[in-house]
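Trainee: Before we start, here is the structure in question, set down as structure tokens.
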Amino acid sequence: MLTNGIPSTDNERVDGNALVQDENALSDYDMALCLLENNPPENRLDVSMSYSQYLQLEESWSQIKSAKGITEDQRYPYLSYNSLFQIATVVTVPRDLHEVAASELRQEIMESIKAYFYLHNPDAIGTIVDSGSVKEKVDDGPYSHSSKQSDGVFKYSSIDGRAIMVAIEVGSSEMYTALCRDKNLWLDGRHVKVCILVCFKESPRFRNPRHPYENIDAREEKRQMTLRVHESCESYGPISYKNHKWLGELKEGFIEVWRHNDTVRYPLIERGQQCDPLPTNIGLRMQDFYPPEAWQAANMPDGDILINGTVFMKYIKTAIIETAIGRFSDFVSP
């Protein structure tokens with residue numbers, strides 16, 4: 001069963017809008033292809049698939065992109081594969097909450113790296129690069145044939161090439177198991193030093209209204225909704241308009257910093273309330289951004305990479321408003 005040609009389901013494999021109730025209406029392959037073709041916001045689909053099936057799916061998606069004139073620099077939707085678990089993943093275009101969390105954390109980290117270089121070694125500026133969201137492949141080991149698009153990576157750049165040192169993945173608490181698979185691929189497949197997970201739990205999870213609104217002026221409704229939300233929004237939701245929750249309350253939020261031998265969680269939101277104090281240090285050190293031999297040759301003192309948790313959460317507050325507005329706007333737009 002399809003609604004406007006877009007598959008979706010209440011199954012936990014898909015994190016997004018529930019537009020279809022019969023989850024068995026499409027095969028996993030067809031559902032993945034349909035999500036890729038239609039790109040409905042806020043969906044993640046993880047399905048078991050052999051590598052040969054994945055290659056067929058990748059080829060079908062390549063043909064669709066060619067026919068539609070979709071260029072390779074378009075980030076979403078994206079298709080990736082975890083060969084260790086034989087899982088294909090489709091991720092469609094996210095909302096502001098996801099994108100702002102990734103971009104602002106990267107910016108906080110990069111600003112601290114720059115400050116460190118200015119103080120200790122200005123000539124080293126440019127050796128650590130925020131490469132943003134990139135798709136990487138694994139060519140050997142148990143993750144051979146895997147591919148993954150990050151929400152952000154930091155690379156060490158030298159005349160010998162570039163090496164990924166730190167990766168960032170952002171998602172919801174409902175996707176935590178899948179995020180941990182992604183984290184393991186970065187740590188064990190691409191051998192990054194650190195993988196950072198950023199998670200938020202929205203309660204209740206967002207679902208579109210079951211029936212479209214009739215006889216409304218979409219432009220005026222979007223204007224009214226925007227005004228109402230900015231005037232009345234509680235700090236982390238919920239956000240309601242026309243008797244429907246366009247964003248549930250953010251009950252929980254945290255940053256986890258994973259290494260090969262340990263992990264530490266830094267809470268941001270607990271039971272719907274912002275944590276006090278917010279983290280300023282998430283355990284990152286300057287040497288995390290260097291290969292061991294390059295760090296030894298750099299001959300610099302190690303130091304903490306700091307973030308401003310208060311500034312970060314101010315951007316998150318803005319992002320949840322924009323996420324709710326975006327959901328409403330998409331629903332009422334013809």
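The values are calculated or read from the model by the stated rules, or taken from the named source; none is laboratory data. Since this is a predicted model, take the numbers as computed values, not measurements. Neighbour counts are summed over all protein chains in view; Cβ atoms, including those assigned to glycine, are modelled from backbone coordinates with ideal geometry. In case anyone asks, the SASA skips ligands and DNA or RNA and just uses the protein heavy atoms, side chains included. Shrake-Rupley method; radii C 1.70, N 1.55, O 1.52, S 1.80 Å.
Trainee: Taking helices (runs of 4 or more DSSP H) that do not extend beyond the stretch 26-130, which have at least 2 residues that are closer than 28 Å to Asn281 by Cβ and hydroxyl-bearing (Ser, Thr, Tyr)?
Mentor: Helices (runs of 4 or more DSSP H) meeting the threshold: 96-120.
Trainee: Suppose we keep only residues that are in contact (Cβ under 8 Å) with a residue 40 or more places away in the chain and assigned to a loop (DSSP other than H, G, I, E, B) within the stretch 144-167. Which one would you say is farthest from Val93 (Cα to Cα)?
Mentor: Ser144
Trainee: Now for a different question. I'm trying to understand the selection: among the residues of the stretch 140-165, which are hydrophobic (A, V, I, L, M, F, W, C), more than 15 Å from the chain's Cα centre (by Cα) and open to solvent by less than 30 Å² (accessible area, probe 1.4 Å)?
Mentor: Matches in the stretch 140-165: Phe154, Ile164, Met165.
Trainee: Now for a separate question. Quick check on Lys251: is it touching a residue at least 24 places away in the same chain (Cβ under 8 Å), of a type in the set (Lys, Arg) and under 22 Å from Tyr176 (Cβ atoms)?
Mentor: So Lys251 passes the test.
Trainee: May I ask you to verify whether Asp302 is among the charged types (D, E, K, R), within 26 Å of Ala163 (Cα to Cα), out of contact with any helix residue (DSSP H, G or I) (no Cβ under 7 Å at 6 or more places or on another chain) and modelled with pLDDT of 95 or more?
Mentor: no
Trainee: Which members of the stretch 290-310 meet the condition of being in contact (Cβ under 8 Å) with a residue 24 or more places away in the chain, open to solvent by 50 Å² or more (accessible area, probe 1.4 Å) and assigned to a helix (DSSP H, G or I)?
Mentor: Scanning the stretch 290-310 gives a single hit, Thr310.
Trainee: Kindly indicate whether any position in the stretch 245-266 is open to solvent by less than 50 Å² (accessible area, probe 1.4 Å) and either of a type in the set (Lys, Arg) or assigned to a helix (DSSP H, G or I) (or both).
Mentor: no
Trainee: Give the residues of the stretch 183-220 that are crowded, with 21+ Cβ neighbours inside 10 Å, free of Cβ contacts under 8 Å to residues at least 60 places away in the same chain and either in contact with a helix residue (DSSP H, G or I) (Cβ under 7 Å, 6 or more places away or on another chain) or in a helix (DSSP H, G or I) (or both), sorted by residue number.
Mentor: Trp186, Val192, Cys199
Trainee: Additional query: Confirm whether Leu97 is at pLDDT 95 or above and touching a Phe, Trp or Tyr at 6+ places or on another chain (Cβ under 6 Å).
Mentor: Spelling it out, it is not the case that Leu97 is at pLDDT 95 or above and touching a Phe, Trp or Tyr at 6+ places or on another chain (Cβ under 6 Å).
Trainee: Return yes or no: is Ser112 open to solvent by 30 Å² or more (accessible area, probe 1.4 Å) and at negative phi?
Mentor: No: the conditions fail for Ser112.
Trainee: Only residues that are touching a residue at least 24 places away in the same chain (Cβ under 8 Å), surrounded by fewer than 20 Cβ atoms within 10 Å (Cβ to Cβ) and either among the polar types (S, T, N, Q) or farther than 18 Å from Ile269 by Cβ (or both): list them for the stretch 168-182, please.
Mentor: Ser173, Arg181
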